Amino acid sequence: MTDAAVRVRLAVVTVVRDDRSGLLATRASLRAQTMPAYDWFVADGGSSDGTARWLARHGTEAAWWRSSPDLGLYDAMNVALDAIAASSRYHSHVLFLNAGDRLADERVLERLLPILSDHPDTGLFYGDALEEQPGGRLMIKRARSHRHALLGMFTHHQAMVYRLAGLSDVRFDLRHGLAADYAFTLMVLGRGVPARRLPLSVCIFAPGGRSQQDPARGRREQAVIRRELLGLGWTANATLWALQWLALTLRQTIPWLYAKYRFSPNERSFLS
């Protein structure tokens with residue numbers, strides 16, 4: 001590892017509420033990394049399923065943790081960002097890996113950290129994500145270019161790494177219960193910072209999240225965000241809404257066709 005790489009240290013934020021098994025899956029993924037140059041920040045929203053007790057017994061595994069009621073997923077992320085800013089440890093970048101999400105394999109940080117080091121002025125890095133299909137098969141959901149951010153999130157939020165130096169006054173907008181990560185990413189890109197696609201799959205995305213449970217609300221929130229942050233008019237917003245609805249309908253009614261268009265076979269074994 002180069003001297004420059006030593007100065008790169010990742011803050012991994014995990015938010016959880018009543019998902020102890022998901023938290024343990026995320027923890028196992030982090031502990032398996034061949035290059036453990038990260039600190040774990042865990043924000044528990046006052047769980048009642050034993051998560052808080054587990055954190056109290058294993059709190060030394062995290063650089064910071066807290067268990068108390070909050071206003072939801074994005075409020076917890078804001079609390080964790082404030083904790084990172086107040087930490088006595090140095091952190092250069094942040095990755096949001098929610099309870100149940102995992103890193104794509106044990107060498108993700110080994111591949112990722114030198115890239116972060118080689119591009120110190122890049123404000124946003126993003127890669128592919130793996131999604132688990134029925135039967136347990138992992139498929140790669142390829143990231144789109146960040147230049148297509150107008151269409152929505154160009155990869156999963158858990159496959160994005162943000163440079164902390166550009167986030168001092170950027171936080172998640174709590175008006176958006178499902179799409180605040182989209183607004184957050186657009187605000188980062190709107191500052192003109194370079195963005196770079198990573199040549200790797202970053203995460204295994206845990207299915208069944210709130211955005212998948214209520215996609216119509218997510219589309220409405222994205223329309224508001226496009227209007228406020230991108231100045232998009234009603235007609236353009238309606239067109240994008242219709243395209244998103246069409247893609248969702250395709251996924252629900254003809255899943256094999258959607259998968260053929262959107263997913264690729266997992267080739268991790270050939271990339272190791």
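The values are calculated or read from the model by the stated rules, or taken from the named source; none is laboratory data. All values reported here derive from a predicted model rather than from experimental measurement. FYI the Cβ positions are ideal-geometry reconstructions off the backbone, even for glycines, and counts take in every protein chain you see. Accessible surface is based on the protein model in full, side chains and every heavy atom, while ligands, DNA and RNA are left aside. Shrake-Rupley method; radii C 1.70, N 1.55, O 1.52, S 1.80 Å.
Things to note:
- Selection from segment 67-107 of residues that are open to solvent by 40 Å² or more (accessible area, probe 1.4 Å), under 21 Å from Leu174 (Cβ atoms) and of a type in the set (D, E, K, R): Asp82
- Here the condition is being open to solvent by less than 60 Å² (accessible area, probe 1.4 Å), assigned to a loop (DSSP other than H, G, I, E, B) and of a type outside the set (Ser, Thr, Tyr); of Val193, Val202, Val188, it holds for Val193 alone.
- Just so you know, in segment 134-169 the residues that are open to solvent by less than 80 Å² (accessible area, probe 1.4 Å) and hydroxyl-bearing (Ser, Thr, Tyr) include one that is nearest to Pro215 (Cα to Cα), and it is Thr155.
- Test: residue in segment 238-255 that is open to solvent by 70 Å² or more (accessible area, probe 1.4 Å), farther than 17 Å from Tyr74 by Cβ and at pLDDT 90 or above: no
- Glu110 fulfils the conditions (1) open to solvent by less than 50 Å² (accessible area, probe 1.4 Å); (2) out of contact with any helix residue (DSSP H, G or I) (no Cβ under 6 Å at 6 or more places or on another chain); (3) touching a residue at least 40 places away in the same chain (Cβ under 8 Å) except for a single criterion, (1).
- Verdict on Asp39 being acidic (Asp, Glu) and not in a strand (DSSP E or B): no
- Within segment 1-36, the set of residues being surrounded by 17 or more Cβ atoms within 10 Å (Cβ to Cβ), part of a helix (DSSP H, G or I) and of a type in the set (Val, Ile, Thr) comprises Thr26 only.
- Against the criterion of being outside any strand (DSSP E or B), within 27 Å of Ala43 (Cβ to Cβ) and either touching a Phe, Trp or Tyr at 6+ places or on another chain (Cβ under 6 Å) or open to solvent by less than 40 Å² (accessible area, probe 1.4 Å) (or both), Phe125 does not qualify.
- Any hit, segment 4-21, residues being under 18 Å from the mean Cα position of the chain (by Cα) and more than 17 Å from Asn98 (Cα to Cα): yes
- Flag for Ser48 being of a type in the set (Gly, Ala, Ser), open to solvent by 10 Å² or more (accessible area, probe 1.4 Å), in a loop (DSSP other than H, G, I, E, B) and out of contact with any Lys or Arg (no Cβ under 7 Å at 6 or more places or on another chain): yes
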